[in-house]
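See structure below.
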């Protein structure tokens with residue numbers, strides 16, 4: 001069985017990390033049986049969560065985890081996408097995860113009024 005190591009639930013969400021929520025949601029949508037383990041990110045393989053153990057293989061980083069399961073599934077969730085749609089999805093994912101995520105962190109935690 002797949003083991004998802006993640007942080008703890010908070011604020012009505014299943015985890016404090018959007019990347020842990022992303023992987024957990026993907027596993028549910030893809031109907032991959034998994035169990036959840038609350039872990040300490042400092043002891044994780046790359047010192048960050050989430051990470052997944054699947055048949056003795058450990059994967060870190062939400063993108064790598066999802067790519068691993070997309071390659072394993074008979075009917076991957078993005079299997080119907082055209083090359084153009086796949087490129088657009090990749091661009092938007094990069095925008096949200098690499099740019100907007102950090103802006104959101106600054107807005108939330110670096111300004112006293114927030």
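Some observations on this one:
- Calculated FRET efficiency for the pair residue 110/residue 74, C-beta based, R₀ 41 Å, to 0.05: 0.35
- Per-residue ellipticity at 222 nm from helix content only, as computed over the chain with -39500 (n - 2.57) for each DSSP H run of at least four residues, stands at -11500 deg cm²/dmol.
- Radius, Kirkwood style, for the chain when every pair of distinct Cα atoms is counted (Å): 15.4 Å
- Dividing the convex hull volume of the alpha carbon atoms of the stretch 1-42 by its residue count gives 67 Å³ per residue.
- Computed extension length for residue 67-residue 26: 13.7 nm, one decimal, from 0.36 nm per residue of separation with the Cα-Cα distance subtracted.
- Relative contact order, percent, the stretch 2-78 [alpha-carbon distance under 8 Å, six or more residues apart]: 33 percent
Values quoted throughout were computed directly from the atomic coordinates according to the rules given, and no laboratory measurement underlies them. Treat the numbers as computed from the prediction; the structure is a model and nothing was measured. Here Cβ is always computed from backbone atoms with ideal geometry, including for glycine, and neighbour counts include all displayed protein chains.
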